[in-house]
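Supplied in C-alpha cells, the structure appears directly below.
The values are calculated or read from the model by the stated rules, or taken from the named source; none is laboratory data. Worth saying up front: this structure is predicted, and the values here are computed from it rather than measured. When we count neighbours, we look across all protein chains shown, and the Cβ atoms used for this are built from the backbone with ideal geometry, even at glycine.
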Amino acid sequence: MTAESRVQPVSRSGVWPQTLASLPMLVILVLTLLASVGETLHSRLLEIGGATWPEYFNLRVIDQVGAPDCQVVVDPDAAVDLAVAAKQAEKSADPFADVFGDQIDREQIRASVMATSRACERQLEKWERLQSLNGPGVQAFALMETGLAQAVLLVTGNRRVLLGLMLLFCAAAATLGRQHIALRPVESRRDDRVATVSQLVANGLLTASTWIYRQQELAQADAGMPLAHLFMHDIWVTGFGILTLISLLQLRQPRGELPPGGSWPRALLSVPLYSVMCISASIQFAFHGFYHGIAVYLTMMAELSALFLNLGLYVWVGMLLARTHLPRKVFDVLRPWRLPPKWLGVTVLLLTALPTAYSGASGIFILAAGLTLYRELRRAGTSEQLALATTAISGSMGTMLRPCLLVVIVATLNNSVTTDELFSAGARVLLLTASVYAVYVFLIGGPSQGRIAPLREAVPGMLRALVPLMPYVAIFAGVILLWNVLLDRGLDEFSAPAILPLILLLVLAFERRVLRSADPDADEALQAAGMPLPTGFVSSVLRATRESSALIGALLMLMALSVSVGGLIERSGLLEMFPEQLGSVWLTLTLLMGLLVFIGMIMDPYGAVLLVNATLAPIALNNGINPLHFWVMTVLAFEMGYLTPPVALNHLLTRQVVGVPTSPESLYGSFWQRNFRFILPVLVMGTTLIAVTYLPALWDGGFRLMLGIQSAG
C-alpha cells in the first residue's frame, strides 16, 4: 500500500457500503473494549460493595439462597428422647447390631443434638441479619453489579469467537484490499496473478486443514470424549472457505489497472508471507501425515485470545492516532529548534519510544505514525534513505518500555522474570540504542548540515507550539485521573488496552466537534479532487476502523501462520539437536543470539515468544544464563530480525505506509547508497545486540549497567 494509495476520495454513494463494511469490525472492537473496561469496573464495584456493606458478598446472591432448612431445639430432653428412640429403632432393624454392642450413650446424643441446634441458631441469626440489611440501596447496587458481571462473563467467555471473527473478517478485508504483507508490492499483472494464486492455494489448504481437524474432533466427540469449543471448527471452516472463494473471484477478475508483463523472480517476491508460510508448513505437515497440523496450532493460538484481541485494540489505537493532528503538533514543538537532520533523527527516536511501547508492537507504530515521521524528517532535509532507516528503527525503540504487550506476554509465560525487571532493563537498552544510532549517523552519515536555532528564537517558538498541545495533555491526564479515582487503577500494561482507545476517541471527538478540524490524511487528496473535507467524528472512527481491519487481518494471518511454523520447527526436532550443556557460556550466547535473530526474521514476535519459551529458554537456563539477561537479549534479537533482510518486517511496513524509494540516489546510486536504509538499522541493532549479549556475561558491572540488577553470580 503506497503513500499515494492510502487515501482515496469517497463519493457520497460509496459512503454507505464502506460504513457497513466497517460496522462488524467496529462491533468486535467495541465488545473487546467493553469487556476490558467491564472487568476492571466489575472488580471495582465488588470492592465498593464490600466496603459499603460488610456482608455484601452474601447479599448479592441472597435471592438465590433460601432460608436455612433447620429448627432450633426448644425442649432438649424431648429432642434427646426422640433421637434415642430413632437410634433404638435403627439398631433393632440391624441384624449385626449385637456385634458392635447395643449400648446407647444419651450424653453423646444430647451433645450432638445441642451442637446441631446451636449451628442452626447461628444460621438463622445470619439469615435474619442479611434480611435486615437487604434494603433498596443494596438491592439496586447488587442488581447493577451482577448484571455487569453477567455481561462481562458473556463477552469474556466467548473471546475465542471474537478472535475467530476478528481474524477471519479482517483477513477478508486484507484479501479484498490486496494488503497482505509481501517482500515487494504488486506492480504488474503477472505479480498480481502469482500473488492471487498463492493466496488461493494457501486459503484452500487452510480450509482443508480445518475441515480434517473438524471431522476428527467430531468423531472423538461421538466416541464419548468430552471436547470443548467444537463450534469453533465450523467458524474456521466457513471463514477460510469464504477466503478461498474471494481469492478465486480475484483470480477470475484480475486488476486491469496494472501494466502487463513482469518477470517471474519479481513476481514470486510479491507472494504474501502468510501464503509462503502456509504452503511450506502444509507440505511439511503432510509429509509427516499431520494433515490438520495448521488447524491444531490455530486452535492453540485461540488459547491466548485475550492477548491477540488486545493486539487488535492496539492497531485500532494506531489508526485512530493517524486520524488525529497530534503527531504533527508534536513535531511543531520541535520545528522552532531547526534541528539538523542527524540531531532530529536522534530526537525522534527518543520521542517515539513511548508511543511505540503504548502501541503494543513495533509494526503498529510504523503503521500509525510512520508517514508523518517520514515527512517531517524529509522536510528537515534528511536524505530519503536515512529517513526510511529512521522510520523503520523507530518501531523498535520502545518494545521493552512499559506497557509493551510483548513484555507482558514474556512475563505471563514464565515465572523467571517480572515485568518490572524487563521494563527497567528496557529503558537502559533504549538509551544504548539511541546512543549507538547517534554514533553511526554522525560517523557515516556525511557532514552535518545546518545549525540549531538560538535559544532566543527556539524557546518562544516552542512555547507557542506547546499551547495547542495543552488540550491533548488535559484529555490524557483527565482520563488517567478519572480512571484512577473511579476504578482505583493506574495506566499500566494491563489497563493500557482499555484506556488508550478511550483517550484517542476523546481526542478525535475534540478535534472534530470542538476544533472542527478535518482528517489530516484526507486534506490533500480530497482538496485535489474538489471534494469537501470530512470533519465528522463518526466518519473518522469508521475510517480508522476500516483501515484497522485490513492491517489487523494482515498481521493476524502472519501471526497465525507463524505459530504453525513455530510448531513445525518444534516438532521437527531441530532444536532438540541443540546440546543442553555446551560447556561455555560464550558459545551458548553466540548460538542463541544467531538462532533468535533467525527466528525474528521469519516469525512474528508473539508466535516467536511461544516457540522460544518452550525450546530455547530451558537451554539458556541449563547453561547458566540469567533469565532476565536471556529475555532482554531475546526481545532485542527479535527486533534485529525485524530489521534484517530478506524479510525485514519493519521495512515492509514502512514501505506500506511511505511507498517505495524514488530518489535518484536510491535508484541509481552505489550499493551503499541504494541500501543504506537496510544497512544502518542492521548496524545499530546489531551493535546494541552484541553489547547486550556479551557485556552482562563479561563482568558484574556490565550486568548492572545493561540490566539494572545485581548479577546472580
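Of all residues in region 105-150, which are over 56 Å from the mean Cα position of the chain (by Cα) and either surrounded by 15 or more Cβ atoms within 10 Å (Cβ to Cβ) or more than 24 Å from Ala85 (Cα to Cα) (or both)?
Those that are over 56 Å from the mean Cα position of the chain (by Cα) and either surrounded by 15 or more Cβ atoms within 10 Å (Cβ to Cβ) or more than 24 Å from Ala85 (Cα to Cα) (or both): Ile109, Arg110, Val113, Ser117.
With respect to the numbered conditions (1) surrounded by 13 or more Cβ atoms within 10 Å (Cβ to Cβ); (2) part of a helix (DSSP H, G or I), which one is the sole condition not fulfilled by His229?
(2)
Suppose we keep only residues that are in contact (Cβ under 8 Å) with a residue 60 or more places away in the chain and part of a helix (DSSP H, G or I) within region 373-385. Which one would you say is nearest to Leu558 (Cα to Cα)?
In this case the residue turns out to be Tyr374.
Follow-up. Name the one entry in Leu334, Leu367 that is touching a Leu at 6+ places or on another chain (Cβ under 9 Å), within 30 Å of Arg456 (Cβ to Cβ) and not in a loop (DSSP other than H, G, I, E, B). Steps first, answer last, please.
Numbers: Leu367 fails: within 30 Å of Arg456 (Cβ to Cβ).
Unique residue meeting the criteria: Leu334.
Looking only at region 292-301, which residues are under 18 Å from Ala171 (Cα atoms) and either in contact with a strand residue (DSSP E or B) (Cβ under 6 Å, 6 or more places away or on another chain) or at pLDDT below 90 (or both)? Even if it seems obvious, please write down each step before you answer.
Taking region 292-301 and keeping what is under 18 Å from Ala171 (Cα atoms), we get 294-295, 297-299, 301.
Scanning region 292-301 gives Tyr297, Leu298, Thr299, Met301.
Continuing with this model, one more query. Test Gly345 against the stated conditions and say whether it is among the small types (Gly, Ala, Ser), on the phi > 0 side of the Ramachandran plot and either surrounded by 18 or more Cβ atoms within 10 Å (Cβ to Cβ) or not assigned by TED's automatic domain parsing to the domain that holds Tyr440 (or both). Walk me through it before giving the result.
Numbers: among the small types (Gly, Ala, Ser): yes; on the phi > 0 side of the Ramachandran plot: no; either surrounded by 18 or more Cβ atoms within 10 Å (Cβ to Cβ) or not assigned by TED's automatic domain parsing to the domain that holds Tyr440 (or both): yes.
For Gly345, the condition - among the small types (Gly, Ala, Ser), on the phi > 0 side of the Ramachandran plot and either surrounded by 18 or more Cβ atoms within 10 Å (Cβ to Cβ) or not assigned by TED's automatic domain parsing to the domain that holds Tyr440 (or both) - is not met.
Going through region 389-411 one residue at a time, which ones are touching a residue at least 24 places away in the same chain (Cβ under 8 Å) and in a helix (DSSP H, G or I)?
Within region 389-411, the subset touching a residue at least 24 places away in the same chain (Cβ under 8 Å) is 389-410.
Residues satisfying the conditions are Ala389, Thr390, Thr391, Ala392, Ile393, Ser394, Leu405, Leu406, Val407, Val408, Ile409, Val410.
Here is a further query. Give the number of residues within region 260-290 that are of a type in the set (Ser, Thr, Tyr) and in a helix (DSSP H, G or I). Reasoning before the result, please.
We begin by selecting, within region 260-290, every residue of a type in the set (Ser, Thr, Tyr); these are 263, 270, 274-275, 280, 282.
Those still in the list that are in a helix (DSSP H, G or I) too: 274-275, 280, 282.
Total meeting the criteria: 4.
Are there any pairs with C-beta distances below 6 angstrom linking a residue in region 452-468 that is touching a residue at least 40 places away in the same chain (Cβ under 8 Å) to a residue that is assigned to a helix (DSSP H, G or I) and among the basic types (Lys, Arg), with the two at least 6 apart or on different chains, and if so which?
That search, which allows pairs on different chains as well, returns Pro468/Lys329.
Have a look at Gly289, Gly312 and point out the one that is crowded, with 20+ Cβ neighbours inside 10 Å, modelled with pLDDT of 85 or more and over 16 Å from Arg214 (Cβ atoms).
Numbers: Gly289 fails: crowded, with 20+ Cβ neighbours inside 10 Å.
Result of the check over Gly289, Gly312: Gly312.
I've got another one for you. Has region 518-538 got any residue that is closer than 29 Å to Glu39 by Cβ, part of a helix (DSSP H, G or I) and modelled with pLDDT of 90 or more?
Kept after step one, since they are closer than 29 Å to Glu39 by Cβ, are these residues of region 518-538: 537-538.
Narrowing further to those that are part of a helix (DSSP H, G or I): 537-538.
Subsequent filtering for residues that are modelled with pLDDT of 90 or more retains none.
The answer is no; no qualifying residue exists.
I've got another one for you. Check Ala608, Ala614 and return the single one that is in contact with an Asp or Glu (Cβ under 7 Å, 6 or more places away or on another chain), within 30 Å of Phe285 (Cβ to Cβ), of a type in the set (A, V, I, L, M, F, W, C) and not assigned by TED's automatic domain parsing to the domain that holds Leu183. Don't jump to the end; show me each part of the working.
Numbers: Ala608 fails: in contact with an Asp or Glu (Cβ under 7 Å, 6 or more places away or on another chain).
Only one candidate passes the filter, namely Ala614.
Here's the yes/no breakdown for (1) outside any helix (DSSP H, G or I); (2) touching a residue at least 24 places away in the same chain (Cβ under 8 Å); (3) in contact with a Cys (Cβ under 9 Å, 6 or more places away or on another chain):
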| residue | (1), (2), (3) |
| --- | --- |
| Leu344 | no, yes, no |
| Thr347 | no, no, no |
| Thr356 | no, yes, yes |
| Ala387 | no, no, no |
| Ala425 | no, yes, no |
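Quick check on region 485-492. Is at least one of its residues loosely packed, with under 15 Cβ neighbours inside 10 Å, in contact (Cβ under 8 Å) with a residue 40 or more places away in the chain and not acidic (Asp, Glu)?
For region 485-492, residues loosely packed, with under 15 Cβ neighbours inside 10 Å, in contact (Cβ under 8 Å) with a residue 40 or more places away in the chain and not acidic (Asp, Glu): present.
Let me ask another. For the structure I just gave you, tell me whether Arg338 is out of contact with any helix residue (DSSP H, G or I) (no Cβ under 6 Å at 6 or more places or on another chain), at pLDDT 85 or above, surrounded by fewer than 19 Cβ atoms within 10 Å (Cβ to Cβ) and more than 30 Å from Thr207 (Cα to Cα).
Numbers: out of contact with any helix residue (DSSP H, G or I) (no Cβ under 6 Å at 6 or more places or on another chain): yes; at pLDDT 85 or above: yes; surrounded by fewer than 19 Cβ atoms within 10 Å (Cβ to Cβ): yes; more than 30 Å from Thr207 (Cα to Cα): yes.
So Arg338 passes the test.
Per-residue answers, yes or no, for (1) exposed (fewer than 14 other Cβ atoms within 10 Å of the Cβ); (2) more than 30 Å from Leu45 (Cα to Cα); (3) at pLDDT below 85; (4) of a type in the set (A, V, I, L, M):
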| residue | (1), (2), (3), (4) |
| --- | --- |
| Gln449 | yes, yes, yes, no |
| Pro471 | no, yes, no, no |
| Leu482 | yes, no, no, yes |
| Pro501 | no, no, no, no |
| Arg512 | no, yes, no, no |
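Could you check, for region 63-78, whether at least one of its residues is among the charged types (D, E, K, R), in the same structural domain as Glu128 (by TED's automatic domain parsing), under 51 Å from the mean Cα position of the chain (by Cα) and buried (at least 16 other Cβ atoms within 10 Å of the Cβ)?
no
Further, regarding this structure: Give all pairs with beta carbons closer than 9 Å in which a residue from region 640-657 that is among the small types (Gly, Ala, Ser) meets a residue that is modelled with pLDDT under 80 and surrounded by fewer than 21 Cβ atoms within 10 Å (Cβ to Cβ); count only pairs at least 6 apart in sequence or on separate chains.
As it stands, the answer is Gly641/Ile602, since those pairs meet every condition given.
Checking the structure you have, find out if any residue of region 91-102 is in contact with a Leu (Cβ under 7 Å, 6 or more places away or on another chain), among the polar types (S, T, N, Q) and either assigned to a helix (DSSP H, G or I) or modelled with pLDDT of 80 or more (or both). Let's see the steps before the verdict.
Just the residues of region 91-102 that are in contact with a Leu (Cβ under 7 Å, 6 or more places away or on another chain), to begin with: none.
Taking every residue of region 91-102 in turn, none turns out to be in contact with a Leu (Cβ under 7 Å, 6 or more places away or on another chain), among the polar types (S, T, N, Q) and either assigned to a helix (DSSP H, G or I) or modelled with pLDDT of 80 or more (or both).
Regarding Thr156, is this residue without any contact (Cβ under 8 Å) to a residue 40 or more places away in the chain, over 16 Å from Leu558 (Cα atoms) and β-branched (Val, Ile, Thr)?
Numbers: without any contact (Cβ under 8 Å) to a residue 40 or more places away in the chain: no; over 16 Å from Leu558 (Cα atoms): yes; β-branched (Val, Ile, Thr): yes.
It is false that Thr156 is without any contact (Cβ under 8 Å) to a residue 40 or more places away in the chain, over 16 Å from Leu558 (Cα atoms) and β-branched (Val, Ile, Thr).
Turning to a different aspect of this structure: Which of (1) outside any helix (DSSP H, G or I); (2) farther than 23 Å from Leu680 by Cβ is the odd one out, the single condition Val612 does not satisfy?
(1)
Same structure again: I'd like the full set of residues that are of a type in the set (S, T, N, Q) and either farther than 20 Å from Ala171 by Cα or surrounded by fewer than 19 Cβ atoms within 10 Å (Cβ to Cβ) (or both), limited to region 199-226. Steps first, answer last, please.
Looking only at region 199-226, we keep the residues that are of a type in the set (S, T, N, Q), and these are 199, 203, 207, 209-210, 215-216, 220.
Once the filter is applied, which keeps residues that are of a type in the set (S, T, N, Q) and either farther than 20 Å from Ala171 by Cα or surrounded by fewer than 19 Cβ atoms within 10 Å (Cβ to Cβ) (or both), region 199-226 yields Gln215, Gln216, Gln220.
Now for a separate question. Just a yes or no: is a residue in region 249-258 among the polar types (S, T, N, Q), at pLDDT 90 or above, assigned to a helix (DSSP H, G or I) and farther than 29 Å from Arg160 by Cα?
First, the residues of region 249-258 that are among the polar types (S, T, N, Q): 250, 253.
Retained after the next criterion (residues that are at pLDDT 90 or above): 250.
Those left that are additionally assigned to a helix (DSSP H, G or I): 250.
Applying the additional criterion that residues be farther than 29 Å from Arg160 by Cα yields 250.
Looking for residues that are among the polar types (S, T, N, Q), at pLDDT 90 or above, assigned to a helix (DSSP H, G or I) and farther than 29 Å from Arg160 by Cα, one finds at least one in region 249-258, hence yes.
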